[in-house]
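Have a look at the structure below, then the notes.
Each reported figure results from applying straightforward, stated rules to the coordinates on display, with no laboratory input. Please read these numbers as outputs of a predicted model, since none were measured by experiment. Because the Cβ atoms are built from the backbone with ideal geometry, glycine has one as well, and the counts that use them run over all protein chains shown.
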Amino acid sequence: MTTPIKILIILGFCAAALGGAGLGTPADEHSVSSNLAWIIFCCGTLALVTGGVLQKLAKKKAGGTGTGETSAENYFSKLFEEIRQELHSLDDSRADLSEKELITKIEDLLKTRYFDLTSRHEELTALLGFSKYAAIWDGVASTERLLSRAWSMTTDGHLEEAIEELPRARTHFERACDAMAKS
C-alpha cells in the first residue's frame, strides 16, 4: 500500500510544480495557458494532499495494532543488548588479544550488529522521537568512532594504544544503553 501512496505523492508534487510554473506567465505558442496551468496545479496539489493523508492513515493503522511498535522496540532492545555483550567481551579480553584478533573482532562487530543499528537510525528516531533518539545516539556515535579509532591504531601497529580505547567505547555504549532504557 505504501508504494502507490508514494507514487501519488510524487506525481502530485510534479503536477503541482508543473502547473505552478505555468501560472502568471503570458501564454504563447509554446507555453500552457493560464487556465490549464491552474487546473494542473490544483489537481497536483489535491493529489499531494491526498497522498499525505493516506500515508498518515496507513502509519496510524500500522501503529494502531500495537505489534509494529512493540516488535521494533524489541528488535532495538535486543540489538543494544547484543552489542553491549560483545563490547563487554571485547573489553574483558583485551589483554589477551593479538592485533589480528582485535582487528577481526572489531570488524565483525562494526560490519554486523553495529551496521544493523546505524542503518536503521531513522526508524529509531520515528519510534522514540528526536530528543530521546539524540540522547541515545550520542553514545552510539561516539562508540562507533572509538571502535574505528581502535581498529585504525591496531592496523597501524599500535596495539597498546588501541586497547586503551576499548574501555572508553564500552563506557560510551553503556551511556547509550542507559538512555535507551529511560526512553
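Structure data summary
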| quantity | calculated |
| --- | --- |
| Listed residue (Val140, Ala72, Ala162) projecting farthest to the positive dipole end of segment 58-178, Cβ model | Ala72 |
| Dimensionless Rg over Rh [the chain; C-alpha; Kirkwood] | 1.25 |
| Nitroxide proxy distance, nm - points 7 Å out along Cα→Cβ at Arg120 and Ser93 | 2.5 |
| Among the listed pairs Lys56/Lys78; Lys61/Lys111; Lys56/Lys132; Lys60/Lys182, those beyond 31 Å (Cα-Cα) | Lys61/Lys111 |
| Net charge of neighbours whose Cβ lies under 13 Å from the Cβ of Gly139, counting Lys and Arg as +1 and Asp and Glu as -1 | +3 |
| Pairwise FRET efficiency - Ile7 versus Leu110, Cβ, R0 = 30 Å, nearest 0.05 | 0.25 |
| Relative contact order (%) - the chain, alpha-carbon pairs under 8 angstrom, separation at least six | 19 |
| Helix runs (DSSP H) in the chain reaching 30 Å along axis by Cα, Kyte-Doolittle at least 0.5 | 34-64 |
| Modelled FRET efficiency - R0 22 Å, Lys60 with Phe130, Cβ distances, 0.05 increments | 0.70 |
| Descending semi-axes in whole angstrom, ellipsoid equivalent of segment 88-179, from the Cα gyration tensor | 26, 13, 10 |
| Pairwise label distance in nanometres, Glu161 with Lys100, each label 7 Å out on the Cα-Cβ vector | 2.4 |
| Prolate/oblate/rounded label for segment 72-113 (Cα gyration tensor, a/c 1.5) | oblate |
